[in-house]
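Reading through the structure tokens given below for one structure.
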Amino acid sequence: MSTDTPASDKPPAASPTPASGDSTAERYLAVQRSDEFAGLRRSLRGFIFPMTVAFFLWYALYVILCAYARDFMGTRLFDSNINVALVFGLLQFVSTFLIAWLYARFADRRIDPVADRIRAEMGEVTHEHGPRG
């Protein structure tokens, strides 16, 4: 015995009256299509993609050197037990925190003001056309 419902080739019929959320959905789509939102996404991608590629290349260099340049990575520095591999490993953490700091600074200056302006405009529109009670 199966609990499956019979499949229909036709999509469900659209309701004759629009749902109350349709106007809100349309406003969100309008914002998504706006030049301001497109610029926001372009700006964000302009930071994130190059920074991600740079970090992955830096990390891959570290891994490759650890695998294939053991003599170099094992070179002792400062006449102590600190070697190149340890310094490179610690620099991985430094670069991670540096990228996080750079992103926070970038977002504060370039992303957040535009996002806040878009959110405020959407809030005004939502409050003007929202349900009354």
Unique residue being farther than 29 Å from residue 36 by Cβ and either free of Cβ contacts under 8 Å to residues at least 60 places away in the same chain or surrounded by 12 or more Cβ atoms within 10 Å (Cβ to Cβ) (or both) when the list is 85, 100, 54, 104: 85
Where residue 94 falls short, out of the listed (1) under 30 Å from residue 37 (Cα atoms); (2) modelled with pLDDT of 95 or more; (3) of a type outside the set (D, E, K, R): (1)
In this structure, does residue 80 turn out to be exposed (fewer than 10 other Cβ atoms within 10 Å of the Cβ), polar (S, T, N, Q) and either more than 30 Å from residue 30 (Cβ to Cβ) or at pLDDT 95 or above (or both)? yes
Cβ-Cβ below 7 Å, separation at least six or inter-chain, first residue in the range 60-75 and without any contact (Cβ under 8 Å) to a residue 12 or more places away in the chain, second part of a helix (DSSP H, G or I) and surrounded by 11 or more Cβ atoms within 10 Å (Cβ to Cβ): which pairs? 74/85; 75/84
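Take the residues in the range 124-133 that are surrounded by 12 or more Cβ atoms within 10 Å (Cβ to Cβ) and assigned to a helix (DSSP H, G or I); name whichever of them is modelled with the highest pLDDT.
Checking each candidate, the answer is 125.
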Mind telling me which of the residues 105, 109 ends up being within 13 Å of residue 44 (Cβ to Cβ) and in a helix (DSSP H, G or I)? 109
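The values are calculated or read from the model by the stated rules, or taken from the named source; none is laboratory data. Please read these numbers as outputs of a predicted model, since none were measured by experiment. Every residue, glycine as well, gets a Cβ built from its backbone with ideal geometry; the counts of neighbours run over all protein chains shown.
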